[in-house]
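The values are calculated or read from the model by the stated rules, or taken from the named source; none is laboratory data. Just so it is clear, the model here is predicted, and its values are computed rather than measured. Ligands, DNA and RNA are stripped out before the accessible areas are found, and what is left, the full protein with its side chains, is counted by its heavy atoms. Shrake-Rupley method; radii C 1.70, N 1.55, O 1.52, S 1.80 Å.
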Amino acid sequence: MTVQQELQARVDAALEAVLGEADTSAVSTDALRIVPTGNPQFGDYQFNGSLPLAKALKQNPRALATQILE
């Protein structure tokens, strides 16, 4: 398993724990993927799914991102 695959598995598990049965059909599956950063200055990988998820669920993006991290 690559680092990216391991990170994706952890994010998927965190999303399942936080979101449960919430309807996320309005969010593209591509938005929920770990991807390499465009600028190595900011790290190796990034997850940009918190904002579209928060919008779809009508939640605060920062609060949702914090829940995903925990």
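With only Cα atoms counted, the chain has Rg and Dmax values of 12.1, 36 Å.
Can you tell me how region 15-55 classifies by the Cα gyration tensor, rounded, prolate or oblate, using a/c under 1.5 as the rounded cut? Prolate is the answer for region 15-55, as a/c is 1.5 or above and a/b outweighs b/c.
Rolling a 1.4 Å probe over the heavy atoms of the protein chains gives the chain an accessible area of 73 Å² per residue. Counting only protein heavy atoms and a probe of 1.4 Å, the accessible surface of the chain is 52% carbon and sulfur. Note: relative contact order over the chain, using C-alpha pairs below 8 Å and six or more positions apart, is 31 percent.
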